[in-house]
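Heads up, the thing below is written out as structure tokens.
The values are calculated or read from the model by the stated rules, or taken from the named source; none is laboratory data. Note that the structure is predicted; figures quoted are calculated from it, not measured. Note that we place each Cβ from the backbone using ideal geometry, even for glycine, and neighbour counts take in every protein chain shown.
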Amino acid sequence: MRSIRQTLTISLLSVGLLAGLTTATLAYLAAKDEAEELFDAQMAQMARLVEQLAPDDDSLPLVIMNEEEWIPAHPYEEQLSYRIVSNAGKVLIASPSFPEWIDQQPVDGYRDLDHPVENWRIFTLIGEQGQNHIQVVQSDKARTEIATKIALTNTLPILVFLPLLCLAIWWQIGRSLKPLVTLSEEVSERSSGHLNPVRLQEVPSEINGLVRALNRMLQRLKLSFERERRFTADAAHELRTPLAALQIHCENLFADLKDEQSRGSTEQILSGLKRMNRIVEQLLHLSRLDPQERLPDRAPLNLTELCRELIGDQIPFAIARRIDLGLTAPDEDLQASGHALYLSILLRNLVDNALRYTPQEGEVTLELEQLEGKIRVSVIDSGPGLSDEQKQRVFERFYRGRNKSDGSGLGLSIANQIAELHGSEIELLDRQDGKAGLVARFTLEG
């Protein structure tokens, strides 16, 4: 999946860099060209000035100062030289750095002179009849060096500005896309039960429609879930009383019947009623848990004592199925942090599930272990265990993978919801002692 930020950043930075480098290149070439024009104008101006100061005839004696006596005022001064030549081709005066190899027969205007050592550019001002000629030369090396410095000076601010422009583009893209990132984080961090409208401080007009549509969808989902929860709770409440009455009547009928065939049929009806009562009870628990995103109240509790009470409640069921039910815990009672009622439901569902799927003469153990700052709770049975696929699906509502004739398919789903409310999750593992069976494990804050 392509990132909007990455796409915008790459495209805008590419355009910005291309535009900046193109501008810098054009500025560099334009500055060099202007510098060349300026040097040509300087040569012409110097020739005009010398023409005004020099006499019109050849009465001026040849004056060429020795190089030792020439004290330049500027490093580039030696690169700009002149000489005055009479109409007869006689050199009247010349700068000491004026190249001697240049032809004394003047040619009017600008020329480029090639030389094995160094190239020069010359400007010749042809005097009118009877007047002297003025020649001004300048080293190509000096012209190029000065022109390059001028061009770089003009281009440097653009090159310095380019990184700042790239940084500004990157920052502005991030700032502009911040509402999208905030919206993404707001939605991704929500739990399945958090269906309140998304509220952002500043929503750009481009995603305002998306936010409104998302809020409308969340509102519809919230209303749908609320109707589902109300229906589940109302249906469970309405069914609870008549099912309890039916179960009582069925138990009385079972006690009065003497015929074994009739008692067998009545026992099957009674078993179905008990299962329906269990489903109703689990649906009531589910309707209370679904709308909750966090525990209503969290308090310290004696986990060991809670487990003892649970084992005591489940002893009759274990005896009826001839299952060895026990509690393994440290001598000192363990204190945990959580909701006592919800934890009792969680533990009862795990133990009840283990008892239902453990064959007769089997064993179920509720084990408590003290870890560093945590308490690990394990329910270990000697049942048939679960396959990897069943372990993935067993927390789904109404899923009964091992024995479809017993259980409601809601116990483990409810237990896992309660574990999540306590900041934990239930792990389903195979026994490590080589025996058949399943270990359901979760941790609590100590």
**OP:** Would you mind stating whether residue 212 is in a helix (DSSP H, G or I) and loosely packed, with under 12 Cβ neighbours inside 10 Å?
**Re:** no
Subject >> Check on residue 177, outside the structural domain of residue 51 (by TED's automatic domain parsing), touching a Lys or Arg at 6+ places or on another chain (Cβ under 7 Å), of a type outside the set (D, E, K, R) and at pLDDT 80 or above >> reply: yes
**OP:** State whether the residues of the stretch 391-401 include one that is crowded, with 20+ Cβ neighbours inside 10 Å and more than 37 Å from the chain's Cα centre (by Cα).
**Re:** no
Original post:
In the stretch 365-390, which residues are of a type in the set (Asp, Glu) and surrounded by fewer than 18 Cβ atoms within 10 Å (Cβ to Cβ)?
Top reply: 367, 369, 372, 388, 389
**OP:** Within the stretch 372-390, work out how many residues are more than 35 Å from the chain's Cα centre (by Cα) and not in a strand (DSSP E or B).
**Re:** 6
Subject >> Where a residue in the stretch 356-378 is in contact (Cβ under 8 Å) with a residue 12 or more places away in the chain and its partner, wherever it lies, is surrounded by fewer than 19 Cβ atoms within 10 Å (Cβ to Cβ) and of a type in the set (Asp, Glu), with Cβ under 6 Å and at least six apart >> reply: 356/406; 363/324; 376/369; 378/367
Original post:
Do you know which residues across the stretch 330-350 are crowded, with 20+ Cβ neighbours inside 10 Å and not hydroxyl-bearing (Ser, Thr, Tyr)?
Top reply: 334, 336, 338, 343, 345, 346, 347, 349, 350
**OP:** Report yes if residue 47 is at pLDDT 80 or above, of a type outside the set (Lys, Arg) and farther than 18 Å from residue 92 by Cβ, otherwise no.
**Re:** no
**OP:** Find the residue count for the stretch 422-445, including only residues that are modelled with pLDDT under 85, touching a helix residue (DSSP H, G or I) at 6+ places or on another chain (Cβ under 9 Å) and surrounded by fewer than 20 Cβ atoms within 10 Å (Cβ to Cβ).
**Re:** 0
